[in-house]
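One structure is given here, and the rest of the page talks about it.
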Amino acid sequence: MPPSELIVPMLAAVLLDRLLGEPARFHPLAGFGYLAKFIEKYGYRANYLNGVLSVCIILIPMGFFAFMPHGVFGALFSVVVLYFAIAPRSLAEHAQRVSAAFTDNDLPAARVAVGRMVSRDTTQLDEAGVSRATVESVLENGNDAIFAALFWFVLAGAPGVLLYRLTNTLDAMWGYRNQRYNEFGWTAARLDDVLNYIPARLTALSYTLLGNTRSAWHCWRQQAPVWDSPNAGPVMAAGAGALQVKLGGAAVYHGQLEPRPELGCGAMACRADIARAVNLVQHTLYLWLAVISLATLAIAGSKHGA
């Protein structure tokens, strides 16, 4: 891919996100969510086969559309797809709403704000619990909502971004290990695991390099293997170690208290660590933009010289 077809759309999409943020209404992923709910309503059966069929019914037509030639609008299509796929500004704003509620000494508002970021029950969380959930969400969504999308854009252009982000959305809707989704959502969850495997480890490596490297590396290697998710584990363990805070611990999901291992080191995450987590993700974004741009130009230069 020529540098102009990769670097320019990537920087343009990030700039658009910085200027406009995430659309408050008519976001394509919200529309896709409604489509997934429709497919689930009429195609749900508690078995693996229906899960496979439902994923194929949704993703295959989207894949054909993404790989269609878009002519002179190809670059614009890439910018738009990547802009809708990443959400660094929205992620920061959600976290900042939690911090603002703490500044106003409004714990109920902080619970509501973090409840928009996580799937766990936040109604009974104390300040430490809200802080911990917010930092976890920022670190994990740094990968899911920013860096994995950039990875697939570099690897496969707009089609790669589109298929990754749609798969990630299906995983968020169907990828639960409970009675309803354990079999039906298995395909979406495993496909998301595969697509996130390399990006998650690159994200963990980035957190390691930009934070306390020694602690991040130790936590990544020692703690990530015991985490339930093969990709969230490295990301959050490395992020917690980079910030030198403790995350994890038991949390309530869908009315059930689920034990979770502890991640990180040092003191439990507090309200001040929310801004530190946001800064880590922002600095990681700058690092990725720089590395991708420089690597693309270097590869193009070597080909031209040859």
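The values are calculated or read from the model by the stated rules, or taken from the named source; none is laboratory data. Since we're looking at a predicted model, the values are computed, not measured. Note: ideal-geometry Cβ built from the backbone for every residue, glycine included; neighbour counts use all protein chains shown.
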Practice prompt. Go through region 197-223 and give me each residue that's surrounded by fewer than 23 Cβ atoms within 10 Å (Cβ to Cβ) and within 30 Å of I39 (Cα to Cα).
Written response: Y197, I198, P199
Worksheet entry | Test for V194: is it in a helix (DSSP H, G or I), out of contact with any strand residue (DSSP E or B) (no Cβ under 8 Å at 6 or more places or on another chain), buried (at least 24 other Cβ atoms within 10 Å of the Cβ) and not acidic (D, E) | no
Fill in: Single residue of region 86-137 satisfying the filter (among the charged types (D, E, K, R) and part of a helix (DSSP H, G or I)) that is nearest to P9 (Cα to Cα)
R89
Worksheet entry | Options G301, G255, G266; residue that is closer than 19 Å to R177 by Cβ, surrounded by fewer than 23 Cβ atoms within 10 Å (Cβ to Cβ) and out of contact with any helix residue (DSSP H, G or I) (no Cβ under 6 Å at 6 or more places or on another chain) | G255
Item to complete: Would you mind telling me which numbered condition in (1) among the aliphatic types (A, V, I, L, M); (2) over 30 Å from D273 (Cβ atoms); (3) at pLDDT 95 or above A101 fails?
Response: (2)
Response to the item:
Residue hits (region 212-245; without any contact (Cβ under 8 Å) to a residue 40 or more places away in the chain and either within 19 Å of I274 (Cβ to Cβ) or among the aliphatic types (A, V, I, L, M) (or both)) are N212, A216, A224, V226, A237, A238, G241, A242, Q244
Worksheet item: Taking Q179 and the conditions (1) assigned to a helix (DSSP H, G or I); (2) more than 17 Å from the chain's Cα centre (by Cα); (3) more than 18 Å from A36 (Cα to Cα); (4) of a type in the set (S, T, N, Q), which numbered condition does it fall short on, given that it satisfies the others?
Response: (1)
Fill in: Unmet criterion (only one of (1) in a helix (DSSP H, G or I); (2) farther than 20 Å from V194 by Cβ) for F153
(2)
Item to complete: Go through the residues of region 140-151 one by one and say whether even a single one is farther than 21 Å from A272 by Cβ and β-branched (V, I, T).
Response: yes
